[in-house]
Amino acid sequence: MAKKIWENQEVADLLRAVATAYEIKGANRFRVAAYQQAATSIEHLTSEIQDLWESGQIAQIPGVGSSIAQHLDELLRTGRSRHFEDVFSGIPPAVFELLKITGIGPKTAFRLCQGLHIKEKKNALQKLVTAAQKGLIRQLPGFGPQSEQKILDAIANSRLKKKERRRMLLALADNLAQEVKRYLRQSPLVLEIKVLGSLRRRCATIGDLDMAVKTRRYHQALEYFLQFPKIRKILNRGEKKTSVVLSNGVQIDIRFQSPETWGSMLQYFTGSKQHNIHLREMAREKGLSLSEYGIRFLKTKKLLKTKTEKLFYNTLGLDYIPPELREDQGEIEAAASHQLPDLVKLTDIRGDLHLHSNFPIETSHDLGQDSFLTMMRQTASLGYEYLGFSEHNPAQKGHTPEDIYSLLKAKKQQIDQINRQWSQKLNVFALNSLEIDIKPNGELAIPEKALNLLDYAIVAVHSEFNLSRKKMTARILKALQYPKVRILAHPTGRKIYQRDGYEVDWEKVFAVCRERKIALEINSWPERLDLPDILVREAVRAGVPLVIDTDSHAVDHMQFMRYGLDVARRGWAEKKNIINTFSLAQLKQFWQ
Ligand code: DGT
Ligand code: CA
Ligand code: CA
């Protein structure tokens, strides 16, 4: 029998299931977190875990500790892990079906399955709905009519969202596109490859991949593409284009085009649809018609072929419009009056202000995996000037205010020490920060005295996400009044496909941030991308400072800056709007 090839996503899903099983069994939360972290790391790998395993590199994956690495080795070698099987024992498979519903956690799912005798995955959800409709859930210990209704609502809601969920996260689409590009580049027929559609516009989620290949021999180039090993099904094929589905279910629409009409084709298939419709209306008023082949003058019927997109836009009397802005949100008007923003670039970034090291301060949430020095070196290799260590605050449970103070003091001393030893050599300066929980009443989760130890504080909501808009606004506004607070992290709390953001009165938050020079974070973590682009645009309009952070828990995550940058650009942000484009001296002055 052919040996099973493990996909990254499959392994990540399995590890996440192990974490859940541990959680149900009441295992220590660090163990649960270790499995979750390993799952996330594997999901974000840019190489295949199967390949890493074959070259003996599993233990080197950041976030995969030695014991998990051993279990994975057994899994990839033999197709099973006895350890994982032990962890799963006694947990009905149906639990994992129920967990797909947002709002049902591991322990609830387990209690429901046990109480209602739902064992198998098959029809598990339907059985749960039937039980709820018969009023059986409210009779279980710990449940009532209200929680029964909540479960029904959650299931209905998640069915609604299912369709939407088939879209991929930007980071995943990016990796996939890279892989296809690597393949295409090997052919000498291929002169250039471009990603188009929503991926080129850098949307947070991507429906399908649109690509274009510049070639003079499109027939052969198309044939070559169809040999890509991951193609599962060819949906249609024309002379110059084809649509296929890959083994992971993702669709690719790809076009093969000669250099003469390259510009118009890029423009057309980058979209968005709304942008193109608006552009066509505008062109028509000027006596022009637009297509993927160029610009036609209606009077003379003459077709102007446009080699570049710039020429295309300029011919219409517009400045070149960066793809991220092409959403028909005023960019066409701005391009006509030469008022497009000069968007922030990756090379403008001078530091990363939200990083989790592994320095042990007995944190309330997950600690990072790498040392201060490792992260400083990575900062240097990214060409930045500074970084900020912002682990989660020490847990309040089990610590007195004095304990917390001394843990944070020890951290500050260590950072001072490392700056003395390494700053000059690496040309990188480390700042001492902390990501502090905003408690439901708006107080911060560390004693006020400890704030004095920090260069700046990051505050964030990590619990009780479902407060009313009024209470959530009051909670955040209160937190923003504390001294040293300079960043509000992942301001809406959304996690794409996992949790909607909470409601906040942004006008009020914007006003306080502007006045107190508190930056709203654009968190680059692929599931977060928070602030979302629409709010970034509003914040930019309101003159609120922003910061693009990676929130890295390992050095490998520091490359995600790119995704936060994408969001910033989609929100029309310029360099001057983003505080981590400032030099360290400028930043200190800004914060004075
Ligand atoms: P997605 O795939 O849902 O994330 O979003 P897009 O924007 O990539 O949309 P897609 O893949 O349907 O189409 C790619 C681009 O092609 C789209 O942004 C605009 C352009 N386009 C040009 N003409 C048409 C048309 O007649 N219909 C559609 N759907 N798109 C068109
Ligand atoms: Ca698309
Ligand atoms: Ca498409």
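The values are calculated or read from the model by the stated rules, or taken from the named source; none is laboratory data. No experiment lies behind these values; they were computed from the predicted model shown. With ideal geometry, Cβ positions are generated from the backbone for all residues, glycine too; neighbour counts draw on all protein chains shown.
Checking the stretch 197-209 against the condition returns no match, with no residue being more than 20 Å from the chain's Cα centre (by Cα), closer than 20 Å to residue 258 by Cα and not assigned by TED's automatic domain parsing to the domain that holds residue 267.
Quick check, is residue 195 more than 30 Å from residue 314 (Cβ to Cβ), within 14 Å of ligand 1 (Cβ to nearest atom) and touching a residue at least 12 places away in the same chain (Cβ under 8 Å)? It is false that residue 195 is more than 30 Å from residue 314 (Cβ to Cβ), within 14 Å of ligand 1 (Cβ to nearest atom) and touching a residue at least 12 places away in the same chain (Cβ under 8 Å). The residues of the stretch 560-592 that are part of a helix (DSSP H, G or I), without any contact (Cβ under 8 Å) to a residue 60 or more places away in the chain and more than 18 Å from residue 460 (Cβ to Cβ), listed by number, are 576, 585, 586, 588, 589. Filtered by the rule that a residue be in a loop (DSSP other than H, G, I, E, B) and at pLDDT 95 or above, the stretch 527-537 gives 528, 529, 531, 532. Quickly run through the stretch 249-287 and pick out the residues that are within 13 Å of ligand 3 (Cβ to nearest atom), closer than 26 Å to residue 183 by Cβ and in contact (Cβ under 8 Å) with a residue 60 or more places away in the chain. Listed by number, the residues that qualify are 250, 252, 269, 270, 271. In the stretch 30-72, of all residues being under 25 Å from the mean Cα position of the chain (by Cα) and among the charged types (D, E, K, R), the one that is surrounded by the fewest Cβ atoms within 10 Å (Cβ to Cβ) corresponds to 51. Pull up the stretch 258-306, narrow it to residues that are in a helix (DSSP H, G or I) and among the aliphatic types (A, V, I, L, M), then point me to the one that is surrounded by the most Cβ atoms within 10 Å (Cβ to Cβ). Applying the filter and picking the extreme gives 265. For the stretch 285-341, how many residues meet the condition of being among the basic types (Lys, Arg) and over 36 Å from the mean Cα position of the chain (by Cα)? Going through the stretch 285-341 one residue at a time, the tally reaches 6. Among the residues making up the stretch 538-592, those that are of a type in the set (Ser, Thr, Tyr) and crowded, with 18+ Cβ neighbours inside 10 Å are 550, 552, 563, 581.
Of all residues in the stretch 247-262, those that are under 24 Å from residue 310 (Cβ atoms) and away from ligand 1 (no atom under 15 Å from the Cβ) total 5.
Between 351, 294, the distinction of being farther than 22 Å from residue 204 by Cβ, more than 16 Å from ligand 3 (Cβ to nearest atom) and in contact (Cβ under 8 Å) with a residue 60 or more places away in the chain belongs to 351 only. Of the set (1) touching a helix residue (DSSP H, G or I) at 6+ places or on another chain (Cβ under 6 Å); (2) free of Cβ contacts under 8 Å to residues at least 40 places away in the same chain, all apply to residue 204 but (2). What residue, of 199, 189, 169, 176, is surrounded by 21 or more Cβ atoms within 10 Å (Cβ to Cβ) and not hydroxyl-bearing (Ser, Thr, Tyr)? Just one listed residue meets the conditions, 199.
Residues in the stretch 198-227 that are within 26 Å of residue 566 (Cβ to Cβ) and more than 12 Å from ligand 1 (Cβ to nearest atom): 213, 214. Within the stretch 201-213, being more than 9 Å from ligand 2 (Cβ to nearest atom) and under 21 Å from residue 225 (Cα atoms) holds for 211, 212, 213.
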